[in-house]
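Here the structure is laid out as structure tokens; the discussion comes afterwards.
The values are calculated or read from the model by the stated rules, or taken from the named source; none is laboratory data. This structure is a prediction, so every number in the text was calculated from the model and none was measured. A quick note on method: Cβ atoms are made from the backbone with ideal geometry, for glycine too, and the neighbour counts reach across all protein chains shown.
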Amino acid sequence: MPTIITGPVQLPDGTIPSHGRLIFRRKTPRIASPLVVPGPVEARIGANGSFSVTLDGEAEGTAYAVLVEYWDDSDQAPKSVHLPDAVAGRNVAGPVPLADVSAVQMSTAREYVLHKGDSALLPVTLLDVLDRPADISDSSVSSWLERGAERIPIAAAKSNAAAGLIEVTISAAVSAALQPGSYTAVIRLAVGGRVNTLRGIIKVI
């Protein structure tokens, strides 16, 4: 099923490019005889990081590598950066924001920028070793922020367990109590005696 994915697009440092393009490259061949590897799909970035693109995807989810090319006003130079993979399909027609279909591997760290006192909702898609959404129906989920010996509980919930979707929430009250600097965000999934963790960086400014 094709999925319509929209903006805004956000760079890893939290800024939003106003000009440039997104390039989506499918990571797995399309099932056919013979196998078909589609070419890249491009989407122009408009004002405030807006864009719209339609990507083909299977019911189990299809991962696309995402590259953003943009003009950096501060350096007066073109730049490019890879974003987390986007997962199309999964019977989601959209339109759906890019942030809601971004996939993060278990072992991949990611940095988020959080303004002190603001709340944040961080969507995470967990993938298996074949880059497919991992079914976490049988897993318990917990999350916290770490800095040194400090551990601050934050909320984490499975929004679509069969598709590996988790939403991590940092409330405004928790955010207001944080000190400027970097924290490690930890998501813990446990099934019986087996534990997996995902770690990312929260930069408080």
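Taken across the stretch 99-109, residues that are modelled with pLDDT of 85 or more and part of a strand (DSSP E or B) do not occur at all.
Residue-wise test of (1) surrounded by fewer than 16 Cβ atoms within 10 Å (Cβ to Cβ); (2) over 16 Å from Ile5 (Cβ atoms).
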position: Asp56; (1), (2): yes, no
position: Tyr64; (1), (2): no, no
position: Trp71; (1), (2): yes, yes
position: Ser74; (1), (2): yes, yes
position: Ala77; (1), (2): yes, yes
position: Ser80; (1), (2): yes, yes
position: Ala88; (1), (2): no, no
position: Pro95; (1), (2): yes, no
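Within the stretch 173-205, the residues that satisfy the criterion of being in a helix (DSSP H, G or I) and exposed (fewer than 12 other Cβ atoms within 10 Å of the Cβ) are Ala173, Ala176, Ala177.
Cβ separations smaller than 7 Å between residues 6+ apart or across chains give the following pairs from the stretch 144-172 residues that are under 16 Å from Ala120 (Cβ atoms) to residues that are of a type in the set (Lys, Arg) and surrounded by 15 or more Cβ atoms within 10 Å (Cβ to Cβ): Ile166/Lys158.
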